[in-house]
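Comments concern the structure below.
The values are calculated or read from the model by the stated rules, or taken from the named source; none is laboratory data. As the structure is a computational prediction, the values presented were derived from the model and not from experiment. Cβ coordinates were reconstructed from backbone atoms using ideal geometry, including for glycine residues, and neighbour counts include every protein chain displayed.
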Amino acid sequence: MALLEVTDLTVVFQRRGEAPFTAVDGVSFAVEEGQTVGLVGESGCGKSVTSLAIMGLLPRRGVRVSGSVRFEGAELLTESPRQMRDRRGRDLGMVFQDPLSSLNPVVSIGIQVTEVLERHRGMSRSKAMRVAAELLDQVGIPDPRRRLDEYPHQLSGGMRQRALIAMALACQPRLLIADEPTTALDVTIQAQILALLSQLVRDTGTALIMITHDLGVVAGLCDEVNVLYAGRVVERAARHELFARPRHPYTHGLLSSIPRLDAPRGERLVPIRGAVTDNIPWTQGCAFAPRCPNVLEKCLDVTPEMEEDDGRLLRCHNPVRQEVPA
Amino acid sequence: MVTTRKERVDALARMSTDDREGEAGVSLAVSAWRRLRRNPVFLVGAAIIGTFVVVALLSPWLAPHDPSEWMLADQVSKARNEIPPPQPGHPLGGDQVGRDLLSRLLVGSQQTLMVGVFATVIGLGGGLVLGTLAGAIGGWVDSAVMRLVDVMLSIPSLLAAVSIGALFARPSQFTVILAVAIVQIPIFARLLRGSMLAQRNSDHVLAARALGVRPRAIVFRHMLPNSLGPVIVQATLVLAVAIIDAAALSFLGLGNPDDSVPEWGQMLGNAQTVIDSHPNLAFWPAGCIIAVALGFTLVGESLRDALDPKNRR
């Protein structure tokens, strides 16, 4: 049994007087213990909503969540808010995109880190402060005792993200969800944070769901990659497989639009034409069809299903055949 | 040389943080104070308020005479419309019944400031309760509280204060405070609710919820403290309004009927019968009211600028 099994997860946003919007449309994937799984896709493809649904952090009103999210066999979607509250921070940790706005500006770092420890592990304030200092040290924050008394605006972006990681990992959760944890950081700091995450995941055996639009992040970190498009997984493969031979035209397009150091001089980048707004609904065919270079008649009529193909899962009528020149 | 990955990460982290500012624990309040200290608007406002507060505290000793003693009564003549003029020992002269005007002004600052402060504190307290309820619980509680607030705000504040003040059979300083305070409650409630709602959808509240923090801690540690800035600013501005409103109530005769305890609004009210012949009787209390209100407004405005996170350096 996998640590986390997401089956047919569907999230529909519904507002009175407006057509319901399906943000996540039957997403399934599994995370094994100690594994790092990537969810990749462009803005609006449902990455973050998927993570919020797993955490039980979506608003109750106006949102319909269906399908199944099983964590160690327990169904999370039917748990009471109280049960989910006890799980968050203890079993499930989450790191967000913007490290400055994710910290409470009027409360010192120390109080924010100890809050989790006091909440889930019932520690006294003084004991929690000692543990908090160790945690900050563990995530590579120098002089942790002094930092405990400081406020978020006094820390650099990288340090804030380290502090948030320390908070998320304070109670040693079995699963950590990182939602674009490096997007708001400088490139050099990005590398540090990624190195830290991969080190911590290895040291603690925490499973990691890495949500990102940056294929470079995926390349360095993930064991398995799920490529999302318009709320559905369109391709799932092991990391090396995916990068060596992207089969879905969308994945292929994503990879060809990245500049490469070893590309011949003067070679142009190939962007994916069109925009997400060109999508057609999945029920009528393939959502990517209007932007797809490999589009067939069939793509506009028949919804492609997830099919096993050559050791990977693929949702495409006409996948890319040739290999990317390495 | 053997270096572990952790050491390398540590070294990188140190490099990226070496030039950070060195002082530990600079909170929002401290850095706001640092900016305030250099703001001339704040300094002027604070100087005005400080002067009046010191005067109010020391007035029993500063006042040259007993403010309730009719010591110049022999110079008062209703028939000839005579009121004691400024003279040695009485630099501002006397009032309609011959009490020393300067002493009454000095001692009157006590009542005026007290009414303003108490009315604001009570209004703030009520507004905090209502605003927190509305902003934290939401749903029908929010709707109910906000409709109540709408009803209260639909009546002009001075008219509402006068109406509430008139409800009491026996007006006193306390009824003035209560009337002015009740009028301020909806303003605070609406302001706090607005900033609480903004906080509820903020990233750090989501992050706290992702850590399983309990709702009570979310409200009182993560939402409320971050919502207080605009409320505190409003409180200093309301102080000015409260003083003016309280003076207005006294002026209209809804204040303390016992005029042995001087109060500026009441002095102003009493002065209106002789305003044609002796405008100085109205000038002094009116000037004091304006000055105090100006002081609080200046401080409030500069506080608002200082607490605005966008101004942070």
Across (1) touching a Gly at 6+ places or on another chain (Cβ under 7 Å); (2) at pLDDT 90 or above, B:Ser154 clears everything bar (1)
Counting only residues in the range A:177-197 that are surrounded by fewer than 24 Cβ atoms within 10 Å (Cβ to Cβ) and more than 11 Å from chain B (Cβ to nearest Cβ), the one nearest to A:Leu208 (Cα to Cα) is identified as A:Glu180
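Have a look at A:Glu308, A:Glu297 and point out the one that is closer than 25 Å to A:Ala30 by Cβ and out of contact with any Lys or Arg (no Cβ under 7 Å at 6 or more places or on another chain). Spell out how you get there, then give the answer.
Details: A:Glu297 fails: closer than 25 Å to A:Ala30 by Cβ.
Just one listed residue meets the conditions, A:Glu308.
Of everything in the range B:159-174, what is touching a helix residue (DSSP H, G or I) at 6+ places or on another chain (Cβ under 6 Å) and part of a helix (DSSP H, G or I)? Give them in sequence order. Spell out how you get there, then give the answer.
To start, the set of residues in the range B:159-174 that are touching a helix residue (DSSP H, G or I) at 6+ places or on another chain (Cβ under 6 Å) comprises B:160-161, B:164-165, B:168.
Those that are touching a helix residue (DSSP H, G or I) at 6+ places or on another chain (Cβ under 6 Å) and part of a helix (DSSP H, G or I): B:Ala160, B:Ala161, B:Ile164, B:Gly165.
So for the range A:52-66 (the condition being surrounded by 14 or more Cβ atoms within 10 Å (Cβ to Cβ) and more than 30 Å from A:Arg119 (Cα to Cα)), does at least one residue qualify?
Of the residues in the range A:52-66, the ones surrounded by 14 or more Cβ atoms within 10 Å (Cβ to Cβ) are A:52-58, A:63, A:65.
Checking which are more than 30 Å from A:Arg119 (Cα to Cα) leaves us with none.
No.
So which residues in the range A:88-119 are in a helix (DSSP H, G or I) and either more than 7 Å from chain B (Cβ to nearest Cβ) or among the small types (Gly, Ala, Ser) (or both)?
Narrowing the range A:88-119 to residues in a helix (DSSP H, G or I): A:109-119.
Residues satisfying the conditions are A:Ile109, A:Gly110, A:Ile111, A:Gln112, A:Val113, A:Thr114, A:Leu117, A:Glu118.
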Of all helices (runs of 4 or more DSSP H) fully inside the range B:216-313, the set with 2 or more residues that are under 27 Å from A:Val107 (Cβ atoms) and within 13 Å of the chain's Cα centre (by Cα) is B:224-251, B:280-307
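Can you confirm whether the range B:202-209 contains a residue that is crowded, with 23+ Cβ neighbours inside 10 Å, within 21 Å of A:Pro173 (Cα to Cα) and in contact with a Phe, Trp or Tyr (Cβ under 7 Å, 6 or more places away or on another chain)?
Start the filter on the range B:202-209 by keeping residues that are crowded, with 23+ Cβ neighbours inside 10 Å, which leaves B:204, B:207-208.
Next cut, within 21 Å of A:Pro173 (Cα to Cα) only: B:204, B:207-208.
Checking the rest, the ones that are also in contact with a Phe, Trp or Tyr (Cβ under 7 Å, 6 or more places away or on another chain) come to B:207.
Within the range B:202-209, one or more residues are crowded, with 23+ Cβ neighbours inside 10 Å, within 21 Å of A:Pro173 (Cα to Cα) and in contact with a Phe, Trp or Tyr (Cβ under 7 Å, 6 or more places away or on another chain).
Just checking, how many residues over the range A:150-166 are touching a residue at least 60 places away in the same chain (Cβ under 8 Å) and either farther than 17 Å from A:Phe96 by Cβ or at the interface with another protein chain (Cβ under 8 Å from one of its Cβ atoms) (or both)?
Going through the range A:150-166 one residue at a time, the tally reaches 1.
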*Can you find even one residue in the range A:244-255 that is aromatic (Phe, Trp, Tyr), assigned to a helix (DSSP H, G or I) and surrounded by fewer than 24 Cβ atoms within 10 Å (Cβ to Cβ)?*
no
